[in-house]
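First the structure, in the form of structure tokens, and then the observations on it.
The values are calculated or read from the model by the stated rules, or taken from the named source; none is laboratory data. In this text, all values refer to a predicted model and were calculated from it rather than measured experimentally. Ideal geometry is used to build each Cβ from the backbone, glycine not excepted, and the neighbour counts take in all protein chains shown. Ligands, DNA and RNA are excluded from the accessible area calculation, which covers all protein heavy atoms including side chains. Shrake-Rupley method; radii C 1.70, N 1.55, O 1.52, S 1.80 Å.
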Amino acid sequence: MNETPLLPIFSEGTDPGPSFLNLLRRVAPDSLQMPQGIPGQTLPFELAHGTTVLAIRCEGGVVMAGDRRATSGNSIANRRIEKLFAADEYSGVAIAGTAGLAIEMVRLFQVQLEHYEKIEGAALSLEGKANQLSQMVRANLPAAMQGLVVVPLFAGFDKRRDRGRVFSYDAVGGKYEEADFSANGSGAVHARNWIKASWSEGISADDAISISIRSLFAAADEDTATGGPDLVRGIYPLVAVINSEGFKFLDEADVAARSQLLLDGPERGGSA
Amino acid sequence: MSMPFYVSPEQVMKDRADYARKGIARGRSLVALECTEGIVMVAQNQSRTLYKISEVYDRIAFAGVGKYNEFQMLKIGGVRLADMKGFQYSREDVTANSLANAYAQTLGQVFTNEMKPYEVEILVAQVGATPEEPNELFHILYDGTLMDESDYTVLGGDAERIGDALENTFRPGLTLAEAIQIGAKSLADEGVTLGADQLEVAALERGRPRRAFRRVTGDELLGILS
């Protein structure tokens, strides 16, 4: 590196290329420091955990959604936490697991995608974005060994294939493309069952939104760590649609109205 | 052993400046104009893939004239600096002002310390978040000279002629389309009209969500220029 004080300019061989992560490793490794400890030893305190998130492929794109609860042991750590983020213009990422690390991972992922686009002059392919996220999850492995697991869900609109795609991950960064839908987090089993029962090829985005809200409700119904729609405080799940026009969050009022519909649905009389 | 000849510092600096100016004059010029929607940048550029104008951050753009590989390297340096700052502090803390200062420092150091100065002239532009917040146009020369300009600015070897043309045609409150037309006209030589295929046009538009930068291309540009 030459001695220019402010502008990071690199000599041949040390250039980090279009990767923001590599750039940080080179010039500010401190900001990437991951918790280091003895593998297998869990932390002596509880941290906030995000719970149920999901992604459903639909006609012309994908719908993503997440509940708003973070738990810390038996307590509710946050009632309004946001676990669904726009990764860039055409993709979204939803997180389950240790909230503190997950949110930081998303922030880094967002910059990584935008940085690549600005340096290269063209955005990464959807597959390329999914692989980048895989590497970030893998980099978190030492923390995962201590129980600080971060498992994201990634989905987006693939412009080259003209359709929505969903990717799920495991703690070692394994990336698995899902054919139709996926759910993640403590309430995922319940959400996934509900989606499985209602999903069919070619469903509209509107139907997928309804399914996502109902399946989150189903998850909240059975899993204490998943938050249902809170009509008292006006807290509703986050829902986003990603299609050829890009990533767009649903208005809170829209989600509220759709959540109200549950009041007249079969869930109301459910005693189980 | 031969002794090197003595050359006065004045002569060294003058030679370097002449060298840089000659290099810059070989390339085509670029103009940036303020308009109601934000800032418009127009460059004479035949290439559809090698850009002179680029996005740096949410409301900040970079433009360069002169030697492509040199201003491209500066652009990448700027994107890196901006993204690092935005990640480590917050998106709001990334400003054109600090970026322009970093560029000035770098160019100044290279000019005095290195064998060869950069043959570039660059612009760091920032659109205000609201119509009340002023736009910023920082024009930086090959030797690190930093100028804070308003209304419009011209980069390149032909700056004097283009500046004269703009002085007569520019007025505050231009629309985006008008600013592009005026910019394109000012870049053209006497009696020549530059077509859409000879121009690279980009804008920083205040009204866009978060990322204000966009390129004006294709049918849109054809429509504006016709």
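Table for the structure above
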| quantity | calculated |
| --- | --- |
| Relative contact order (percent, whole number), chain B, Cα cutoff 8 Å, 6+ residue spacing | 29 |
| Cleavage-rule hits, trypsin sites (Lys or Arg not before Pro), segment B:123-215, DSSP coil, Cβ neighbours within 10 Å at most 11 | B:R210 |
| Net charge contributed by nearby residues that have their C-beta within less than 11 Å of A:D230 (K/R +1, D/E -1) | +4 |
| Cα-based shape type of segment A:165-230, given that a ≥ b ≥ c are square roots of the gyration tensor eigenvalues and the cut on a/c is 1.5 | oblate |
| Of B:K52/B:K116; A:K118/B:K75; A:K175/B:K85; A:K83/B:K85; B:K52/B:K75; A:K175/A:K248, pairs whose Cα-Cα distance is over 19 Å | B:K52/B:K116; A:K175/B:K85; A:K83/B:K85; A:K175/A:K248 |
| Surrounding net charge for B:G156, when Lys and Arg each add one and Asp and Glu each subtract one, Cβ distance under 11 Å | +2 |
| Cα-based helix-to-principal-axis angle, B:9-26 vs chain B, degrees rounded to 10 | 40 |
| Exposed GluC sites (Glu not before Pro) absent - longest run of chain B, DSSP non-H/G/I/E/B, at most 16 other C-beta within 10 Å | B:1-113 |
| Whether the protein assembly as shown is rounded, prolate or oblate, judged on the alpha carbon gyration tensor where a/c under 1.5 counts as rounded | prolate |
| Alpha carbon centroid spacing (whole Å) that separates segment B:98-116 from segment A:62-138 | 37 |
| Protein heavy-atom accessible area occluded, A/B pair - total, 1.4 Å probe, Å² | 2400 |
| Accessible area (Å², per residue) of the protein assembly as shown, counting only protein heavy atoms and a probe of 1.4 Å | 47 |
| More than 22 angstrom apart: percent of Cα pairs within segment B:51-210 | 44 |
| Overall form of segment B:1-142 per C-alpha gyration tensor (a/c, 1.5; a/b vs b/c) | prolate |
| Charge context of A:F10, other residues only, Cβ under 11 angstrom, K/R +1, D/E -1 | 0 |
| Selected from B:L194, A:F85, B:M13, residue furthest toward positive end of dipole (the protein assembly as shown; charges at beta carbon) | A:F85 |
| Accessible surface of A:W194 - all protein chains present, 1.4 Å probe, nearest 10 Å² | 80 |
| Taking only Cα atoms of chain A, radius of gyration then Dmax in Å | 19.5, 71 |
